[in-house]
Structure formats: structure tokens, C-alpha cells
Amino acid sequence: MDKLKQLETFVAVATKGSLTAAAHAEGVAPAIIGRRIDALEARLGVKLLLRTTRRISLTDEGSAFLEDCQRLLAELQNAEASVSAGGVKASGHLRITAPAGFGRRHIAPLIPGFLDQHPEVSLSLDLTDRLVDLVNEGYDCAVRVGDLADSSLVSLRLADNRRVCVAAPSYLQRHGTPATPSDLARHQCLAYSSVSSQPRGWMFQAEGEILHVRVAGRMDCTDGAVLHQWCLEGRGIAWRSLWEVGASLEQGKLVALLEDFAAPPNGIFAVFTQRKHQPLRLRLWLDYLKHHFTQPQRAPV
């Protein structure tokens, strides 16, 4: 019996949780799957799966063997892809997540070009401002903007993220222009109201020291695009990323404020799980992102 087929069958049963599910995915009878597992266990001389009428679970040896099998099969897939016709050839499905506003403007437009280069890859993009758990929710990669929390994830810095205070000329004509961060206390500030966002207030820098300024106003929102629109309408001052308001600044629809107090930029990152052997499709996606964001004319503004 084909040893590779035994390994593939073992991985399928272990990940799908049953002989029937593995058989259905391959289009064969469950008895065939069972015979392959029996032959593999007999060849190795060890029990890999505990089978009952209701469920299948891995033994300790099975758990360790599963990790090795997944690594070996991934390496084999990558080795075959690297010598296939036309050079490196990726396949399979990618699950990507990104913040809603940034993802809509700067990630979604990249995907058609990436898929054109790799026609055997498919991709799902989840745009959400929620902090996605990559491991438990089954995502391959997340694009994140801002400071990263300590975690077991690996990060790849794609670009700087500079934030700027902005207001419409109409607002400044009515209410004046703040000269220092402390002047914001006398202004209508349009704050992002997510519990996880800006917990210490808007950030500035003065004489080498970082300042966190608590702001207040009659309007706040959990959607950055709404804050941007309110700001354009002259409803108040906003603290937004340059990638979001850069075009409005260039067009004169908004004015940058307190630039002498601008804090150092944080980053825009691609984050992914710490795996020694990444699927080829993920490696190529990360390379594609890095290449895009390192092009000067394509910096996120």
C-alpha cells in the first residue's frame, strides 16, 4: 500500500474527526479509509487513533505524528510546486483579515492582481475592526495598523502609519486653530469610540516626551469613515491616520493641525502564526504585500 497515501489519509481523518468525513472528502468508502489506517498503525507498530462508534481521538503518539505528517506533506507540496511547469506554483485557499477602512482602501485592490499571478489560489478577505484570533479562527494572515500587542504571532512591518490632527477650514473659521495639544480641551473633538481604541487618548510629542491627551466632544463613532466625513463637514477636529485623510489634505478639504507636536509613527504590519513551514501561497502573499508597500509611489496615503 502506498505509504504517502497512508499518511495523507491519517492527516485527513485526524483533522476531519471521522473516517466517514475523510472518506466523503476523497470519494471512497469508509472501509477503505479504515484499512489504510490499520495498515499504517501495523507498519509503525503503534496506535495512532482511538476509535469508538461515536468519535475518534488521537493518542499521544498520534498527536506527535500528526504534526510531523503535516510538515512533511507541506514540504512535499512546496517541493513539487517549485519544479512545476512555469516555476513556483501555489495552490489552495488563503483566509486574510484586515481593518475595515484600511482593508477596503489598501488591501482589497491588491487581491485581484495577486490571484492573477497565482490562478490556483483562492482567497477570502474579512474586513473587520475586531481583533481576530488567527489561530482559533483559522486565519492565515492579518493586516494590522498601529501598535501590536505582545503575542506568539510573527509580524512583518509593511509601512509606517503616521497620525495627524485635522479639521475642515470651515470649522477653524468658526472656532479658531489650536496652538498646543492642551488647547484641544476647548474644541469639539471627533473621537473613535471603540473600547479597544485610543484608551489613553490622542498621542503627541513635546520636547522628546510623549503626551496622551484625553479629548471630548458631542459626537463620537466606532467607524473611522464616519469620523472622516464629519470632519469634512466641519463638525470638529479628528485624529486620523494619514492613509485615510491624506487625499483630503492634498485637496485642501482638511487642514493639518499641531504638526510640531506630531508623535512618531507606529506601523502597518502583516501578522501570521509562527510556523517553520508556511504554505507556499502564504509566503507568496507576504512577499506580494511587502513588495507593494515598499514601492514609494504606493505608500498608503
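Data for the structure
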| item | result |
| --- | --- |
| Whichever residue in segment 228-245 is aliphatic (A, V, I, L, M) and under 23 Å from the mean Cα position of the chain (by Cα) and, among such residues, is modelled with the highest pLDDT | 245 |
| Helices (runs of 4 or more DSSP H) within segment 163-274 that include 3 or more residues within 27 Å of residue 293 (Cα to Cα) | 224-232, 242-250 |
| Residue in segment 117-126 that is exposed (fewer than 13 other Cβ atoms within 10 Å of the Cβ), farther than 17 Å from residue 272 by Cβ, modelled with pLDDT of 85 or more and out of contact with any helix residue (DSSP H, G or I) (no Cβ under 8 Å at 6 or more places or on another chain) present | yes |
| Among (1) under 26 Å from residue 137 (Cα atoms); (2) modelled with pLDDT under 90; (3) among the charged types (D, E, K, R); (4) in a helix (DSSP H, G or I) - the single one residue 54 does not satisfy | (4) |
| Qualifying residues in segment 127-159 (those that are free of Cβ contacts under 8 Å to residues at least 60 places away in the same chain and touching a strand residue (DSSP E or B) at 6+ places or on another chain (Cβ under 7 Å)) - the one surrounded by the fewest Cβ atoms within 10 Å (Cβ to Cβ) | 138 |
| Residue selected from segment 1-32 under the condition free of Cβ contacts under 8 Å to residues at least 60 places away in the same chain, within 21 Å of residue 74 (Cα to Cα) and among the β-branched types (Val, Ile, Thr), by the criterion surrounded by the fewest Cβ atoms within 10 Å (Cβ to Cβ) | 15 |
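The values are calculated or read from the model by the stated rules, or taken from the named source; none is laboratory data. Everything numeric in this text was worked out from a predicted model, so none of it was measured. All Cβ positions, even for glycine, are placed from backbone atoms using ideal geometry, and neighbour counts span all protein chains on display.
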